[in-house]
Amino acid sequence: LMSQGEKRDHVLLLRSRDAETDACVKISATSRSGHESLLGIRVSGDVVGELAALRGTPRTATVTTCAATLVHSIPRDSFIAFLNEHTEAWEAMCRMIADRLDWANRRRLEFTGYDIPDRLARVLLELTEQYGRATAKGYDLGVRLSHAELGKLIGASEDAIGLGLRRLRARRLVTSAYRSVTINDLDRLREFADAM
């Protein structure tokens, strides 16, 4: 939907195509050395591309769909005019940007303070709290992520994510399958993450 470095300034509003599934996109960026990081996940109701629109700068990240998604493209001038006419919209935009900054800051702190299973547990908790759904077996993450994508979220290799999931499965905290993680016991996973 968007490419890092492109000089376009429209904003996208994400919506699901049906009531059964959420829209879902990945936000990623690549360093000059070629290392790709997954910066976040956005779902139905989220806005992407707002930084380029607000600052008038090139895109800082790439936005890629990972589920069926209906996208509304909003020209920069219309977006800014709407915000200027609706104080509550500016406040909501500021809260959203602050929440995203908090997410990024937590990831940076965890990179230096926790080992991979602990970082993995923490990001699984946050994803579940933001996007998860209760099921008969526990909590589904609400987003489908590969081991490589989970690794890019927490700065770990795909193999390390596999080992981290194995440790969480051994404690019966999660169940995992291809691009799917179910939290078996949210309270115990929270205890595990907080104990580290």
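The values are calculated or read from the model by the stated rules, or taken from the named source; none is laboratory data. Quick caveat, the model's predicted, so the values are computed rather than measured. All Cβ positions, glycine included, derive from the backbone under ideal geometry; neighbour counts span all protein chains shown. For the accessible areas, the whole protein counts, side chains as well, though only heavy atoms, and no ligand, DNA or RNA atoms are used. Shrake-Rupley method; radii C 1.70, N 1.55, O 1.52, S 1.80 Å.
Annotations for the structure displayed:
- The single residue among 33, 37 that is outside any strand (DSSP E or B) and farther than 19 Å from residue 7 by Cβ turns out to be 33.
- Looking only at residues in segment 177-196 that are under 21 Å from residue 151 (Cα atoms) and among the charged types (D, E, K, R), the one that is modelled with the highest pLDDT is 190.
- Failed condition for residue 59, given (1) of a type in the set (Lys, Arg); (2) in contact with a strand residue (DSSP E or B) (Cβ under 8 Å, 6 or more places away or on another chain); (3) loosely packed, with under 13 Cβ neighbours inside 10 Å: (3)
- Some residue of segment 47-67 being in contact (Cβ under 8 Å) with a residue 12 or more places away in the chain, under 24 Å from residue 147 (Cβ atoms) and touching a Lys or Arg at 6+ places or on another chain (Cβ under 6 Å): yes
- Residue-level analysis places residue 18 outside the set of residues that are in a helix (DSSP H, G or I), open to solvent by 50 Å² or more (accessible area, probe 1.4 Å) and either at pLDDT below 95 or touching a helix residue (DSSP H, G or I) at 6+ places or on another chain (Cβ under 8 Å) (or both).
- Listed conditions (1) surrounded by fewer than 13 Cβ atoms within 10 Å (Cβ to Cβ); (2) among the β-branched types (Val, Ile, Thr); (3) touching a helix residue (DSSP H, G or I) at 6+ places or on another chain (Cβ under 7 Å) are all met by residue 135, apart from (3).
- Helices (runs of 4 or more DSSP H) within segment 86-196 that include 2 or more residues more than 24 Å from residue 50 (Cα to Cα), touching a strand residue (DSSP E or B) at 6+ places or on another chain (Cβ under 7 Å) and among the aliphatic types (A, V, I, L, M): 158-170, 186-195
- Residue within segment 26-41 that is surrounded by fewer than 16 Cβ atoms within 10 Å (Cβ to Cβ), touching a residue at least 24 places away in the same chain (Cβ under 8 Å) and either in contact with a Cys (Cβ under 8 Å, 6 or more places away or on another chain) or more than 26 Å from residue 155 (Cβ to Cβ) (or both) present: no
- In the set 99, 77, 46, only one residue is surrounded by fewer than 17 Cβ atoms within 10 Å (Cβ to Cβ) and closer than 22 Å to residue 152 by Cβ; that residue is 99.
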